[in-house]
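Below is one structure, written out as structure tokens, with a few remarks after it.
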Amino acid sequence: MEGLSLTSNEFSGRIPSEIGRLCPYYLELAENYFVAGDAKDWEFMTFLTNCSRLMSIDLSINRLGGILPSSIANLSTTTQMISLFRNNFTGRIPPGIGNLPRLTSLMLQKNLLIGTIPSEIGRLQQLQTLGLSENSLSGPIPSSLGNLTLLQKLHLGNNRLQGTIPVSLGGLKGLTLLYLASNSLTGPVPREIFGLSSLAIALELSSNQLSGSLPPEVGSLKNLQYLGLSLNNFSGELPEEIGNCEIMETLAMDSNFFSGSIPPSFGNLKGLQGLNLTSNNLSGPIPDELGQISVLEELCLAWNNLSGGIPALLGNLSSLVKLDLSHNRLDGPVPTNGVFANMSALYVAGNNGLCGGMPEFRLRPCPATARHVKHRRPQRLLLQILIPVGLVSLLIALALYTFSSKTRSTSKNQAEASFLDNYPRVSYAELAKATGGFPPSNLIGEGKYGSVYRGILPQTSKDSGSEELDVAVKVFQLHQSGSSKSFLAECDALRRVRHRNVVGILTCCSSIDHRGDEFKALVFKFMPRYSLDRWLHHEGFDRLSLIQRLNIAVDVASALCYFHNDCQPPVVHCDLKPSNILLDEEFTARVGDFGLAKVVPDLALAAPPDGSGENSASSLGIRGTVGYVAPEYGVGGEVSTSGDVYSFGIVLLEMIIGKAPTDEMFRDGLSLHSFAAAALLENLLRAVDPVLLPRQSVEVSGCLSAVVGIGVSCSKQLLSDRMSIASAAAELRALKDAYLSSVH
């Protein structure tokens, strides 16, 4: 047989053993839902070991689990590629893997593998790509990897590797990418590594315990785009030779112990887009030469001992969108052009010598020049009269405000304290270590009030001893107006809800960060399938089947029923949308992000016009996201459970139609609701997501029509016309059961 390719389908269950008997040249079963757990599930692999012509096998992005079978090491010596990444394999890497002499690519990343990296891998002389990242591998990096002279990409990051970086890796003269981040590596980095001029994509060493100074050989990385040294123990001065790396795009050296001044040669990095030197011991002035990097987008120099003035040339960089100079010893005037005119992009707090700048920064005025003094004398006399009067008025106003807000403030603090006391506390330092210092590479979501990072958090329990948890850390951006209120709202809601279809919280943090600023975060179990939004609209994600969408719809409806009818007092989510519906390993839906949630006191329950008891009035204001927010909120209507029902109806239609309510096709009065309602009367099958129509049967058509009908009923304009969430949930469960019966 020439080959068998079934990639990117929706096949599930075991991989038939007969596939192994076909003896294809290549076997591609990636991006499906195949499962495995015991030896019987791996019979096909045993048969493949008899196939002398096998060239490649790709089982990546499935649900294959259990111990990685040792039979993989017995495949034909003709095998060139083995790809098993993003599964659930456990156990150790078989040492016999080194017996496949023609192997050019071995990709086992994103599994649950343990143990050490077999030194036998060093015998794979033809290997070009080795991917072992995001497992639980421990022990040292084998020096034998230095024998892989053809290796181009080496991925070992996000494991538990220890010891030093082998000098032998410096002999990999064709290496373009070396990824060792988020391990426990120690000692200095061999000079030979920095001398690898072949490194072109990335040298990522962040989040380890590496030490020592950077040698001049770092200037040999002339082809490198990304250099990551963050969160280590590097020290000494920054070598001027870094300026030789003219095409470097990102230089991350924050959270170390670098000292001395910033070399003016950094201005030679003409391709640099991001420079992060935060949290070091750097001193001296900020070089004017940094203002000559025309493509610079982010410059972070906070928490050092830099002195002198701010280079005016930085204001001429039209590309600069973030400039963090906070907590240094800078003095003199703050420019007012370019990035210096953008409050959300400039950070200068903690520099007591700065003056001037935009009025919004509230810095002290710069000293007046001599020619201005005589013109200000009449103004001084007036100020001497007005200031005492103003101060008295201000004190009276503050006293009245303090008295009126004391009760509100106390209740908010009590709500937060009540929530935090119910969960184990974790420190800022622990979360910084767990996420690798909150780098962009670990960012998995962003909202108006916070950012979500993936991390690994150690945990100790009486039953299982020490273990590591895959977590999602939601960090609130407290400088953003409304963020603290969002944190309180989420605390208030989460302490009341316990349901299988709600993202469960693990721990929390209310502390001070390394800058001395207030820090608040919530820690949730990481949802490995990310959000519903990604599976509906993003490239690289398979489209969900009809039964998967029905399961998700039932899960979300069940959560809303619980919020509205079983919580005492009821909870209104207020921001239901696909990006807030997360999916676990089994594609079970879990509602998250309660930052806009509203807890409704029992006494505030108000019967809706239809008398169904489904609505609850609470407060005025627009809550939610454009496209999903109930229309009554836009005209000052009260927050109610019917608002959640409307959002659910829109999400349901989006899941079946395959279009977001903000899609460009919905304009000039046409909405997702009206489009779906019209399709019900005309030809629904022409309107639904084509992925849902692999075969047009009566059962499929009837199911789709019924689900769209529920979505239309839930998203009607008037509250009194909307279906109750209890009815919607019951009908969806019945539809799912009927559909399953019809296809089995």
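The values are calculated or read from the model by the stated rules, or taken from the named source; none is laboratory data. What you see is a predicted model, and the numbers here were worked out from it, not measured in a lab. Heads up, the Cβs are rebuilt from the backbone with ideal geometry, glycines too, and the neighbour counts pull from every protein chain shown.
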Check your understanding: Going through the stretch 704-733 one residue at a time, which ones are within 12 Å of G649 (Cβ to Cβ) and charged (D, E, K, R)?
Key -> K716, D721, R722
Review point. Is one or more of the residues making up the stretch 536-549 over 30 Å from N281 (Cβ atoms), buried (at least 16 other Cβ atoms within 10 Å of the Cβ), in contact (Cβ under 8 Å) with a residue 40 or more places away in the chain and assigned by TED's automatic domain parsing to the domain that holds A472?
Key: no
Review point. Which is surrounded by fewer than 17 Cβ atoms within 10 Å (Cβ to Cβ), part of a helix (DSSP H, G or I) and of a type in the set (D, E), of D737, D668, D644?
Key: D737
Check your understanding: Inside the stretch 654-672, can you point out the residues that are closer than 16 Å to K716 by Cα and in contact with a Pro (Cβ under 8 Å, 6 or more places away or on another chain)?
Key -> E654, S671, L672
Exercise for review: Give the residue that is farthest from N442 (Cα to Cα), with candidates limited to residues of the stretch 469-505 that are out of contact with any Leu (no Cβ under 7 Å at 6 or more places or on another chain) and assigned to a strand (DSSP E or B).
Suggested key: V502
Review point. Of all residues in the stretch 354-366 being over 15 Å from P311 (Cα atoms) and not hydrophobic (A, V, I, L, M, F, W, C), which is nearest to the chain's Cα centre (by Cα)?
Key: E360
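So that you can scan it fast, the table gives a plain yes or no per residue for (1) at pLDDT below 95; (2) in contact with an Asp or Glu (Cβ under 8 Å, 6 or more places away or on another chain):
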residue: L100; (1), (2): yes, no
residue: N111; (1), (2): yes, yes
residue: I114; (1), (2): yes, no
residue: I117; (1), (2): no, no
residue: S136; (1), (2): yes, yes
residue: P140; (1), (2): no, no
residue: L145; (1), (2): no, no
residue: N159; (1), (2): yes, yes
residue: I165; (1), (2): no, no
Revision key, fill the gap. Only one of P285, P311 is surrounded by fewer than 17 Cβ atoms within 10 Å (Cβ to Cβ) and either within 24 Å of G436 (Cα to Cα) or not hydroxyl-bearing (S, T, Y) (or both), namely P285
Review point. Listed residues L214, L231, L224; which is out of contact with any Pro (no Cβ under 8 Å at 6 or more places or on another chain) and farther than 21 Å from N328 by Cα?
Key: L224
Check your understanding: Considering the stretch 520-579 alone, what residues qualify as being assigned to a strand (DSSP E or B) and either at positive phi or not hydrophobic (A, V, I, L, M, F, W, C) (or both)?
Key -> K520, K525, S531
**Study point:** Filter result (more than 27 Å from the chain's Cα centre (by Cα) and closer than 12 Å to I310 by Cβ) within the stretch 338-347
**Key:** G338, F340
Practice item. Considering only the stretch 61-92, state which residues are out of contact with any Gly (no Cβ under 7 Å at 6 or more places or on another chain) and aliphatic (A, V, I, L, M). Key: I61, L64, I72, L75, M81, I82, L84
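Here's the yes/no breakdown for (1) touching a strand residue (DSSP E or B) at 6+ places or on another chain (Cβ under 9 Å); (2) crowded, with 21+ Cβ neighbours inside 10 Å:
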residue: L27; (1), (2): yes, yes
residue: L48; (1), (2): yes, yes
residue: G65; (1), (2): yes, no
residue: M81; (1), (2): yes, no
residue: I97; (1), (2): yes, yes
residue: L100; (1), (2): yes, yes
residue: L108; (1), (2): yes, yes
residue: E120; (1), (2): no, no
Exercise for review: Look at S198 and say whether it is outside the structural domain of G115 (by TED's automatic domain parsing), assigned to a loop (DSSP other than H, G, I, E, B) and surrounded by fewer than 23 Cβ atoms within 10 Å (Cβ to Cβ).
Suggested key: yes
Practice item. Filter the stretch 291-339 down to residues that are out of contact with any strand residue (DSSP E or B) (no Cβ under 6 Å at 6 or more places or on another chain), within 30 Å of A368 (Cβ to Cβ) and either assigned to a helix (DSSP H, G or I) or among the small types (G, A, S) (or both), then give me how many there are. Key: 9
**Study point:** Pairs with Cβ under 9 Å, 6+ apart, first in the stretch 316-331 and farther than 12 Å from G291 by Cα and surrounded by 15 or more Cβ atoms within 10 Å (Cβ to Cβ), second of a type in the set (D, E, K, R) and modelled with pLDDT under 90
**Key:** S326/R515; H327/R515
